[in-house]
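Asks: One structure, pasted below without further comment.
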Amino acid sequence: MKTSNHQTVFYQQIYQLVRKIPPGQVATYGQIAELLGRPRHARQIGYALYQVAPGSDIPWQRVVNAQGMISHSPQRQGSDDLQRILLEQEGITFNSQDKLDLRRYRWQPDLLE
């Protein structure tokens, strides 16, 4: 996939912000987009995180959809299950509808950083 320099810079901003999400907390794709000043770019956040290797220092697993669920995709070849496993290892629990409680686990960054 060919990427522009502008897209590469945006992806690096995404990765830098996602690295700040502490263990045991999550953000939504839309929240990341908003924090980066790019509202309505949640899908692009998803595309950027999809490209992160599971062993990376970018905690991609800590970003979920606005319903507090893992966004499943057959293209991920099993990493949907890995995302849940990694979140559970951080102490995040899911209910019987496979949702996590965003009121409990949503990251509230210090905007003065």
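The values are calculated or read from the model by the stated rules, or taken from the named source; none is laboratory data. All figures in this text were calculated on a predicted structure; none of them were measured in a lab. Keep in mind that these areas ignore ligands, DNA and RNA; they rest on the heavy atoms of the full protein, side chains included. Shrake-Rupley method; radii C 1.70, N 1.55, O 1.52, S 1.80 Å.
Asks: Which numbered condition trips up HIS6, out of (1) outside any helix (DSSP H, G or I); (2) modelled with pLDDT under 95; (3) open to solvent by 90 Å² or more (accessible area, probe 1.4 Å); (4) not aromatic (Phe, Trp, Tyr)?
Replies: (1)
Asks: Just checking, how many residues over segment 21-42 are open to solvent by 40 Å² or more (accessible area, probe 1.4 Å) and more than 10 Å from ARG62 (Cα to Cα)?
Replies: Looking only at that region, the number is 8.
Asks: Follow-up. How many of the residues in segment 33-74 are in a loop (DSSP other than H, G, I, E, B) and among the charged types (D, E, K, R)?
Replies: 3
Asks: So, in segment 77-97, of the ones that are acidic (Asp, Glu) and modelled with pLDDT under 95, which residue ends up most open to solvent (accessible area, probe 1.4 Å)?
Replies: ASP81
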